[in-house]
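Student: Before I ask anything, let me first share the structure, which is written out below as structure tokens.
The values are calculated or read from the model by the stated rules, or taken from the named source; none is laboratory data. What you are looking at is a predicted structure, and each value in this text was computed from that prediction instead of being measured. Here the Cβ positions follow ideal geometry from the backbone for every residue, glycine too, while neighbour counts run over all protein chains shown. The protein model used for the area step is the full one, side chains on, heavy atoms only, and it has no ligands, DNA or RNA in it. Shrake-Rupley method; radii C 1.70, N 1.55, O 1.52, S 1.80 Å.
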Amino acid sequence: MIVLGVDTSCDDTSIAVYDASSNKVLSNIVSSQYEFHREFGGVVPEIAARKHAENIDLVFLEALKVAQVSPSDLRLVCATNRPGLLPALLVGLTFAKGISYNLKVPFKAVHHIEAHLFSPFIGSEPSYPFLGLVVSGGHTLIVLVERLGRYKVLGKTLDDAVGEAYDKVAKITGLGYPGGPVIDKIYRSYDGDYLKLPKPKVSGLNFSFSGIKSAVRRLAEKGAPTYQLVSSFQRVAVSYLIDKLKEAVKETKVKRVAVSGGVSANSLLREELASLGVELYIPPLEFTSDNGAMVAYLGYRKFLLEGEDSLEVGALARSQIT
Ligand code: KG4
Ligand code: ZN
């Protein structure tokens, strides 16, 4: 069964073709818009929507070409409809509905965070229960996944997401957008000592990143060297994520952990996770940031569980995974 997955929730236009019968991603095309948002230091929703609209036909044709399938091979069309930047979401959602309507194949709307949550299992089947740590530009949360569709959010950020903190720290220090990859690269090349940054004290499994970000701003204003400052930030941010994850494992006694989202590409986080002593699932780099493959993978499984969605389903800027 050939499945199309579409994601335009933020600043990547992504479409994948997924063969559900063999559990293989046949193509996963991502057109990134970083260069158009860079001068603003973050994503501008209207620019994102315009670029999605300009690119989506080409991304779709490329996804079909690489997968060596034609539109008539598609049996299910899935698209992210929530949460995300509303003007951006609408482009992919409308495009996917059009394909579903014209080809007379079922349509499934997909929750973006839920798609990230399952992305470490693309190409295999999830084992339950597992603890999901989703770390992206818009979200930071720990979820206990009892089975597909049954989730307990154990903790989430009370202010900035960790990726957002990376992006803001990069903006403060003049490193551009997005912040994660450039800070990670600097961290790898830096071998000096570290500045002491405060680890936020939020009880339980919730997170807060605004205090670390403010401390970085104060030190930057006092003239702290950029490489030392951003490397110190990465060290404390990753250590904080690991602390919370350890706490969640201890509390739930679930030792199967799946980490996903743009920040799961981080090299230090990957190193630290590998030495945690848990059964670890983490996506290949291709599926860490926003991608259509995770939408097709989850959309197919939700379709089997719940059936198709009406083409009248709308887009939502905000939505919890419950
Ligand atoms: O999942 P994603 O592509 O989009 C959202 O759904 O938000 O995540 C993007 C975020 C950005 O904040 C970016 O700075 C961060 O992921 N990121 C990283 C790395 N690569 C991307 N953060 C830390 N280390 C990285 N290597
Ligand atoms: Zn995402």
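Student: Using a 10 Å cut-off on Cβ atoms, rank the peptides 89-97, 244-252, 307-315, 281-289 from the highest mean neighbour count down.
Tutor: 89-97, 281-289, 244-252, 307-315
Student: Express the accessible area of the range 128-282 per residue in Å², computed with a 1.4 Å probe while the remaining protein chains stay in the model.
Tutor: 44 Å²
Student: Over the range 198-258, with every protein chain in place, what whole percent of the accessible area is carbon and sulfur at 1.4 Å, could you tell me?
Tutor: 50 percent
Student: Helix 162-172 against the longest principal axis of the chain: what's the angle in degrees, Cα atoms only, rounded to the nearest 10?
Tutor: 60 degrees
Student: For all pairs of alpha-carbon atoms in the chain, what percent lies in each bin of width 10 Å, listed from the first bin to the last filled one?
Tutor: 6, 28, 33, 23, 9, 1, 0
Student: Carbon and sulfur: what percent of the range 267-316's accessible surface (1.4 Å probe)?
Tutor: C and S atoms contribute 53 percent here.
Student: I'd like the FRET efficiency for L316 and K222, computed as 1/(1 + (r/R0)^6) with the beta carbon distance as r and R0 of 51 Å, rounded to 0.05. Please list the in-between numbers first.
Tutor: Numbers: r = 42 Å, r/R0 = 0.83.
Once rounded, the FRET efficiency stands at 0.75.
Student: Is the shape of the range 11-114 best called rounded, prolate or oblate, per the rule: a/c under 1.5 gives rounded, else a/b larger than b/c gives prolate, else oblate, with a ≥ b ≥ c the square roots of the Cα gyration tensor eigenvalues?
Tutor: Since a/c reaches 1.5 and a/b is larger than b/c, the shape of the range 11-114 is classed as prolate.
Student: Report, in listed order, any pair from K24/K51; K171/K199; K199/K250; K156/K213; K201/K246; K185/K213 with a Cα-Cα distance greater than 27 Å.
Tutor: K24/K51, as the Cα separations exceed 27 Å there.
Student: Compute log10 of I(q)/I(0) for the range 218-300 with the Debye formula, placing one identical point scatterer on every Cα and leaving out solvent, at q = 0.20, 0.24, 0.27 Å⁻¹, to two decimals.
Tutor: -0.97, -1.14, -1.26
Student: In degrees between 0 and 90, to the nearest 10, how far off the longest principal axis of the chain does helix 292-306 point, with axes built from Cα atoms?
Tutor: Around 60 degrees separate the two axes.
Student: Output the peptides 134-140, 70-76, 23-29, 12-18 sorted from most to least packed, where packing is the average of other Cβ atoms within 10 Å over each peptide's residues.
Tutor: 12-18, 134-140, 23-29, 70-76
Student: Another question, then. Would you kindly state how much longer the chain becomes between V66 and R270 on full extension, computed as 0.36 nm times their sequence separation minus their alpha carbon distance, in nm to one decimal?
Tutor: Length gained between V66 and R270: 70.5 nm.
Student: Something else about it: Where does the range 128-282 land on Rg(C-alpha)/(2.2 N^0.38 Å)?
Tutor: Expressed relative to 2.2 N^0.38 Å, the Cα Rg reads 1.03.
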